[in-house]
1. First measure r as the distance between the Cβ atoms of residue 166 and residue 113, then evaluate 1/(1 + (r/R0)^6) with R0 = 35 Å and state the FRET efficiency to the nearest 0.05.
2. Once you charge only the Cβ atoms, +1 for Lys and Arg and -1 for Asp and Glu, what is the size of the charge dipole of region 10-78 about its Cα centre, to the nearest 20 debye?
3. How high is the FRET efficiency between residue 51 and residue 143 when r is their beta carbon distance and R₀ equals 41 Å, given to the nearest 0.05?
4. By how many nm would the segment from residue 151 to residue 83 grow when fully extended, if each residue of separation counts as 0.36 nm and the alpha-carbon distance is taken off?
5. Using the Karplus curve 6.51 cos²θ - 1.76 cosθ + 1.60 with θ = phi - 60°, work out ³J(HN,Hα) for each residue of region 29-38 in order, rounded to whole Hz, and write x for Gly and Pro.
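Each reported figure results from applying straightforward, stated rules to the coordinates on display, with no laboratory input. Everything numeric in this text was worked out from a predicted model, so none of it was measured. Cβ placement follows ideal geometry from the backbone for every residue including glycine, while neighbour counts extend to all protein chains displayed.
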Amino acid sequence: MLLALIAENVLKVFFDRFGYLAPFAFLVGAGAGLPVPEEVTMVGSGFLLYKGLVDPMPIIATCYVATLLGDSIPFWLGRHFGMSAVEKPWARRILHPERMVLLRERFDRHGNWAIFTCRFLPGVRMPGFFTAGTAGMSYPRFLLFDGLGALIMTPTWVFLGMLAGQAVEVGDDATLARVHGELTRQIKAGGLD
C-alpha cells in the first residue's frame, strides 16, 4: 500500500497546483512510456476522491480519457514506425522482439479481443497497442475495444483507491491488504517490482 500512499501524496501535490490535469498528465505519460503504472495513478485518484478533493464523475472521466489518449501513443508509434521501431534503442527496452512476435501471433488469432485483454495486462499493454498499430487495425476499432476495457478498469481502480482511503481512515487492515495485494499483483505483472 506504500505505493498507493506515495501516489496519493504525489498526486495531491500536483493536484493542488494543476487540478485534474495532474492525474491526466500522469496517465498520458504512462502511455508514453513513463514508469508510472496506470493503476497506481487511478488508486491515488481514488484517495483524492475519498478525501473529497475531487468529484466522482469528473475524476473517472479524466482518468478514462487520459488512459485512452495514453494508449493511443504506442498505437500511433506502431502505425508510423512499424516493426522497424523494435530495432531502435529507445524502443527495445519496452518492445522486446520476442514479445512482439508472440503478441503479433495473439493479435492475428484473436484480433479485437487481444486489445481488450491487453487493457488488463500491465506488462503487455504498450507492446500490445503498438502491435495493433503495426497490424493496421483501424483507430476507431482500437478505441472501441481499448475503451471497453478502460470502461471497466478505470472506475474499478478509482473505487479501489477510495476503499483503500476508507480502510486507512478506519484501520480496516483486511480491506487495505486486499487492495494492496491486487495493486502489487498488477505492478508485478507489469514488470515494475
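1. For residue 166 and residue 113, the calculated efficiency is 0.50.
2. It comes to approximately 180 debye.
3. With a Förster radius of 41 Å, E is 0.80.
4. Between residue 151 and residue 83, full extension yields an extra 21.6 nm.
5. These are the phi-based 3J(HN,Hα) values: x, 4, x, 7, x, 5, x, 10, x, 4 Hz.
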